[in-house]
Amino acid sequence: MSTVVVSPAESFSLKISEIAPDKSISHRSVMFAMLSKGVSEIENFLRAEDTMNSLEIVKNLGANVEDDGKIIKISSNGIQEPFEILDCGNSGTGMRLFCGLLSSANGHFVLTGDKYLRRRPMKRVTEPLMSIGAKLDGRKNGDLAPLSIRGASLKAFDYESKIASAQVKSAMILAALRADGVCRYREPELSRDHTERMLKGMGADIKVDGLTTTVTPLKKLLEPLKIRVPADPSSAFFFAVAAAIVPGSQVILEGVTLNPTRIEAFKALERMGADISYELTDDRYEPVGNIHVKYAPLHSIVIEENISWLIDELPALSIAMASANGESIVKNAKELRVKESDRISTVVEGLRACGIEVDEYEDGYKITGGALKKAKVESDGDHRIAMSFIIAGVKCGMEVSDLECINTSFPNFFELLSKISETEFTE
C-alpha cells in the first residue's frame, strides 16, 4: 500500500491548463457515440482507469475505435452482444449508465467492477429500470454487482425519483430513448445535466421543464459527437481549495466546464470568503472557461441545498471548512455514505485525526474550524478522500496512504501537486 508524505506549501501563484479532463463527460462521450450514425470524435478524453474501462466496454460492445493518443474516433453499427464480461472498474457512473444503455439492447450483458464497486448499491437504478420492463439481476436481488442484463422491450414511463441523482436520471433517459412511447422523469431537485445537454446537442428530442425531463424515443440514430472534453471541475476544485487555504496564494484553472450544476462547490467556497471569478470561453455542448481563485480568510458555511451538485466535492470542501473561522454544517448529504467509501465517516475520522472538532450526523456533519495538524490518514480506496487530505497537507503537512485509487480519476494529480508542495513516497 503506497503512502505519500506531503510538506506544507509556501504561498504560490499558478496557471494550470493540465487539469484532468472531465470524468462524467468522458464516460458519456464514448457511450453516446454508440447511439450515433457516423464517426464521433472525442478530444481530450480522460485517460484514467475508470474512463478507459468505459472505452474498453464500448469496444467489447462492437464499436470500432481509433485512438491516436489525442483524438478518439468511434463508429458503431449498433450494440453487439459481447464475448467478455464488462468490467467497470471503480466507476459507479459507468455501471449505472451502462445499465440504462444496455437494458433495451439485443443480447445478454454482465457488468462487474472492483471490490469497492461490487459493494455499492445498484437497486436505485435496477428497480426503476425493471419497473419499465428491463430484465436485470444481481446479488441481493439486483442491488449488488455483478449485474446481469438481458435486453428487453421497454415501456413508456412517468417516473418520479425520490433522490436527486444524475446517474439514475441518465440511466432512465438512456432507457427512454428506445422505449415504446414518450417518457417523463421527475426529480426532487435538479441534478447534474450533462446527459441532457450532450444528447440534445446530438439531436435527441429531450425537453427540460424545471424538475421534469421529457424524452421522445429516437426515430433515427443521433448525429455523431464532435467534442473536446473540458477540464473536470471536481478535479480542479482540489487546487482551488489549496489556493483558498494557503495565505497569499492564487490559481487560474483553465478550460473547466462552467456548467452551473458542476461549479456549486466553487460557489460555496466563494460564499465562505474566497475571491473567485469566472471567464466563459466556449458554449457548444457545455459552457467552458477559466476559474480564478485567490486566497482570502474563510468563514463558516451551512450546506443543505443543491447537495447533488457538489456531492463529489464535499470532502475537499470539508478541508476548507476545517480551515475556516466558525462552525460549518453539512446536511441532507446521506448520499455521501454510498460513494466509493462512506465519505461521512472517512471525512469525520480524518479530520478528527487532524485535531479538528467534528460532530457526525446520519446525513452530514458539523466542523468547528481550527488549526489543522499533521496526521496519518488512510483513503479507504476512495480517490476523493485521498486527494482531499493530501490538499490538507499543503496547509499543515500530512501522511496519506492507499493512493492507487487516485489513478481512477486524476492521473497527473501528483505532477501538478509538485508545483506547490514537496512530496515523498513510500511503500
Residue match in segment 60-82 (condition: modelled with pLDDT under 95, in contact with a helix residue (DSSP H, G or I) (Cβ under 9 Å, 6 or more places away or on another chain) and more than 20 Å from residue 234 (Cβ to Cβ))
yes
Among the candidates 211, 174, 253, 225, which residue alone is open to solvent by 30 Å² or more (accessible area, probe 1.4 Å), aliphatic (A, V, I, L, M) and more than 17 Å from the chain's Cα centre (by Cα)?
211
What tally of residues in segment 81-125 results from selecting those that are open to solvent by less than 20 Å² (accessible area, probe 1.4 Å) and in a strand (DSSP E or B)?
3
Could you say whether any residue in segment 339-349 is in a helix (DSSP H, G or I), open to solvent by 10 Å² or more (accessible area, probe 1.4 Å) and hydroxyl-bearing (Ser, Thr, Tyr)?
yes
In segment 406-427, how many are of a type outside the set (Phe, Trp, Tyr) and not in a loop (DSSP other than H, G, I, E, B)?
9
Residues that are open to solvent by 30 Å² or more (accessible area, probe 1.4 Å), touching a residue at least 60 places away in the same chain (Cβ under 8 Å), in contact with an Asp or Glu (Cβ under 9 Å, 6 or more places away or on another chain) and over 13 Å from residue 233 (Cα atoms), drawn from segment 278-331:
295, 300, 305, 306
Counting only residues that are acidic (Asp, Glu) and either open to solvent by 70 Å² or more (accessible area, probe 1.4 Å) or out of contact with any strand residue (DSSP E or B) (no Cβ under 7 Å at 6 or more places or on another chain) (or both), segment 1-28 contains a total of 2
Looking only at segment 12-26, decide whether some residue is over 30 Å from residue 237 (Cα atoms), at pLDDT 95 or above and touching a Ser or Thr at 6+ places or on another chain (Cβ under 6 Å).
no
Taking only pairs six or more apart or across chains, which ones have beta-carbon atoms under 7 Å, a first residue in segment 146-160 that is closer than 17 Å to residue 101 by Cβ, and a second residue that is among the polar types (S, T, N, Q) and open to solvent by 60 Å² or more (accessible area, probe 1.4 Å)?
151/106
Tell me, please, whether a residue that is of a type outside the set (Lys, Arg), on the phi > 0 side of the Ramachandran plot and either at pLDDT below 95 or open to solvent by 10 Å² or more (accessible area, probe 1.4 Å) (or both) can be found in segment 126-136.
yes
Within segment 202-243, restricting to residues that are part of a helix (DSSP H, G or I) and touching a strand residue (DSSP E or B) at 6+ places or on another chain (Cβ under 6 Å), the one that is nearest to residue 165 (Cα to Cα) is 233
By my count, helices (runs of 4 or more DSSP H) wholly in segment 249-334 with at least 3 residues that are modelled with pLDDT of 95 or more and under 23 Å from residue 13 (Cβ atoms) are 264-271, 314-322
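The values are calculated or read from the model by the stated rules, or taken from the named source; none is laboratory data. Predicted model only: the values in this text are computed from it and were never measured. Please note: Cβ atoms are built from the backbone with ideal geometry, for glycine as well, and neighbour counts cover all protein chains shown. When the accessible area is computed, the model is the full protein with side chains, heavy atoms only, and any ligands, DNA or RNA have been set aside. Shrake-Rupley method; radii C 1.70, N 1.55, O 1.52, S 1.80 Å.
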